[in-house]
1. For residues that are at pLDDT 90 or above, of a type in the set (A, V, I, L, M) and farther than 17 Å from residue 136 by Cβ, tally how many sit in region 185-211.
2. Could you grab me the full set of residues in region 250-283 that are over 20 Å from residue 211 (Cβ atoms) and in contact with a Cys (Cβ under 9 Å, 6 or more places away or on another chain)?
3. Any idea which residue in region 191-232 is surrounded by the most Cβ atoms within 10 Å (Cβ to Cβ), counting only those that are more than 28 Å from residue 249 (Cα to Cα) and hydrophobic (A, V, I, L, M, F, W, C)?
4. Limited to region 260-318, what total is found for residues that are of a type in the set (A, V, I, L, M, F, W, C) and assigned to a helix (DSSP H, G or I)?
5. If you go through region 55-85, how many residues are among the charged types (D, E, K, R) and either farther than 14 Å from residue 130 by Cα or at pLDDT 95 or above (or both)?
6. Of (1) more than 25 Å from residue 308 (Cβ to Cβ); (2) out of contact with any strand residue (DSSP E or B) (no Cβ under 7 Å at 6 or more places or on another chain); (3) surrounded by 12 or more Cβ atoms within 10 Å (Cβ to Cβ), residue 390 satisfies all except one. Which?
7. Let me spell it out: the conditions are (1) at pLDDT 90 or above; (2) in a loop (DSSP other than H, G, I, E, B); (3) of a type in the set (S, T, N, Q), and residue 178 meets all of them except one. Which number is the exception?
8. Before we move on, is residue 81 surrounded by fewer than 20 Cβ atoms within 10 Å (Cβ to Cβ) and hydroxyl-bearing (Ser, Thr, Tyr)?
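The values are calculated or read from the model by the stated rules, or taken from the named source; none is laboratory data. Only a predicted model underlies this, so the values are computations on that prediction, with no experimental measurement involved. Note that we place each Cβ from the backbone using ideal geometry, even for glycine, and neighbour counts take in every protein chain shown.
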Amino acid sequence: MRGSKRLLLIFTAIAGLIVLFSQCMDTGKHTADVALATDSSFAGTKTCVQCHKGIYDSYLNNVHNNTSRPISSHSLFQGDSAASTEYSFNEHLKMKIEKRGNGVFQAVYVDGEKLIDRKFDVAIGSGKDAITYGSWKKNNLQQMQLTYFSRIKSWANSPGYADQRIYFSRNIGSRCLQCHASYADEKIEKSGILITSQELVKSSLVYGINCERCHGPAGKHVEFHINNPNEKVAKYIALYQSLSRKQKVDACSVCHSGSDRPVLKTTFTFKLGDNLDEYLDKNSVAEADPDVHGQQNQMLSSSQCYIKSSTLNCITCHSVHDDKVPGLTLYSKKCMNCHQVPKHSDKTLANAMVKTNCIDCHMPFQKSKVISFKLAGKKGLDPYLLRTHKIAVY
C-alpha cells in the first residue's frame, strides 16, 4: 500500500513538471516587437558574412583588413620575402630573423654571441608599403627593432630608432591602434591628473579594420533584418551614398589625416556620418604642411581637383572592399571622367603615357618628412617614399 502511494506521488509530481515546462517552452511565436539590440550593440564579422559573403570574401585580402594581424605560426607575411634574414649595424652588432619551434624571433648578436631576442607576435601594416612588428611583454605591445619595407624587399631599422643601438621598449599604444585595429581597450591608472600606468588589455584587441569599424555597430541592423527577412532596404545602419561629402571624407580621415591631431575622444567610437572634428582637434602645422605619410586628407583637400569639385572624395578613386589595387591605367581612366581633353603641350602629348598614366606625373612619389629608415651598411638615412595625394602639376 505504501508502495502504491509512493508511485502515485511520483507520477503526480512528474505530470506537474510536464505541465510547468510546457508552459515555459517557446511556442514558435516571433517576438519581433521586442528589441534587444541597441545602437551600440556589435554583431561581429561572422554575422555580417551571412548576408554579405561576396563583399567579405573580397575584403579578406584588402589592405584595410590586413592592417594588423596576429602571428600564430612561422609566417611573417611579406616579411618572408626579405632578400636577407640578417641585418648588420656594424662589424660587431648584428640582428638575425630566426625561425624556431615556438615561433619567429628577432635575435641580437654581439661578436657572434646572442645577447637578447624578441618573439614576433603582431604584424602591423598590410605590406603594401611596409610591415612593422610588435612583441607582447605582458600587456604591453612593444615595437620591434626591424621593420620590413616591401618596395626594397629588405629589413631596415624601424623609423625613428637610433642607429647602432638596440631598443625593444617602444610601446605601441591605443592611439596607434586606432588606425591599425578595430578596437583595443586600455587600462590606465592615475595619481591625480598624472598617468602612472598605461597598458593595453591584450584580450580586447580586435585586429584589422573590420566591417563595424567603418559601418558602425550593426546589432540593431542585424536584429531587424532577421526578424524582417523580406525587408530589402537596409535599416539601422548608415548608408554611404546618403552622406554628405564631408561625412564621406571624414570616414576615411579617421585614419588618413595623421596621428598628430590632438585627440578629443577615442576614434574607436566614431560612426559613419559623425563629425570627425568632435573626435580630433585641428593641427595648424599639419594643415599648413601635410606629410605624404598618413595625411592624405589634407593633401587631397588642397588639390584644385577637390576644391573645384563638389563631389570628388576618397571613394571616387578607391574601393575599400576590393582585394585588388586597380593599377595606374584604371586610376587614370577615373581622371579622364573629368579631364576628357587634357591640356598638354604637343611634346607631352607625343608621350603615349599621357592616356594611360596620369598618376606618376600628377601624384608622384615624394619623400616623407617624418619617416625615414636606415639600411644595413649605409651611413645615411634613406627616404620613405609615398605617393602624394595632392593632385597638381609638378
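1. 1
2. Within region 250-283, just 259 meets the criteria.
3. 200
4. Total meeting the criteria: 12.
5. So the answer is 2.
6. (1)
7. Just one mismatch for residue 178, condition (2).
8. Answer is yes for this residue.
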